[in-house]
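S.K.: One structure follows; several queries about it will come next.
Since every read-out is calculated from the coordinates, none of them should be taken as a lab result. Remember, predicted model here, so these are calculated numbers, not experimental data. All Cβ positions, glycine included, derive from the backbone under ideal geometry; neighbour counts span all protein chains shown.
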Amino acid sequence: DTAVSQTPKYLVTQMGNDKSIKCEQNLGHDTMYWYKQDSKKFLKIMFSYNNKELIINETVPNRFSPKSPDKAHLNLHINSLELGDSAVYFCASSQAGGARTEAFFGQGTRLTVV
Amino acid sequence: AQSVTQLGSHVSVSEGALVLLRCNYSSSVPPYLFWYVQYPNQGLQLLLKYTSAATLVKGINGFEAEFKKSETSFHLTKPSAHMRDAAEYFCAVSVRSNNDMRFGAGTRLTVKP
């Protein structure tokens, strides 16, 4: 069983399109995250959801919107895609209130905007 | 906010040699520290973590790290490198007041035959 799963694994799309990346975790965790990894491997947190509440929102363009239908899912919707959005996006989850607990990561979604 | 700095974006060692990957943290409160490994085209996998118990932490694949408060460091070591250790390694920090885990820029480890 995959603990944190993302779909799709690869996504190629044209500028201006709208796309979504889905994420599901079966670990029973209360907190889920989205990270962006750029071409230099730098990881930046984008969003964090705890019990359906957004608790961290770094300076991410409002074209990016996380959507959580339930605590096992945190999808990422991106409007009006730009070339600079090309990156690998990772979903992760951890126990709520557990700064001492590690995050479990999905395999990543490689987004290429052409 | 808490942060980590990884010294050296690329480390190259020979197979069988000591591996030392450096990480320094900055935090106004006691931190929790983590090391993750990322193999090509994969997600991040936890190697080990420090959560204010023993300062010397042992992880998977023969890796260990020592928390040194006086030096604000959490360096990762392995006595003898294997070819399969070649990967990207990330140090990360979080604090009790939030769930905001911050990552370093990563260190690419290359192991030469």
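S.K.: With within 23 Å of B:GLN2 (Cα to Cα) and among the hydrophobic types (A, V, I, L, M, F, W, C) as the only criterion, which of B:ALA81, B:ALA87, B:ALA17, B:ALA53 stands out?
M.R.: B:ALA53
S.K.: Shifting gears a bit: Run down A:ILE21, A:ILE78 and say which single residue is within 10 Å of the chain's Cα centre (by Cα), surrounded by 13 or more Cβ atoms within 10 Å (Cβ to Cβ) and farther than 28 Å from B:SER52 by Cα.
M.R.: A:ILE21
S.K.: So which residues in the range B:65-113 are within 7 Å of another protein chain (Cβ to nearest Cβ) and touching a residue at least 12 places away in the same chain (Cβ under 8 Å), if there are any at all?
M.R.: B:GLU88, B:PHE90, B:SER94, B:VAL95, B:ARG96, B:ASP100, B:MET101, B:PHE103, B:ALA105, B:GLY106
S.K.: For the range B:12-64: of the residues being of a type in the set (Val, Ile, Thr) and within 14 Å of chain A (Cβ to nearest Cβ), which is farthest from the chain's Cα centre (by Cα)?
M.R.: B:VAL29
S.K.: It is to be established whether one or more residues within the range A:36-47 are under 12 Å from the mean Cα position of the chain (by Cα) and among the small types (Gly, Ala, Ser).
M.R.: No - not one qualifying residue is present in the range A:36-47.
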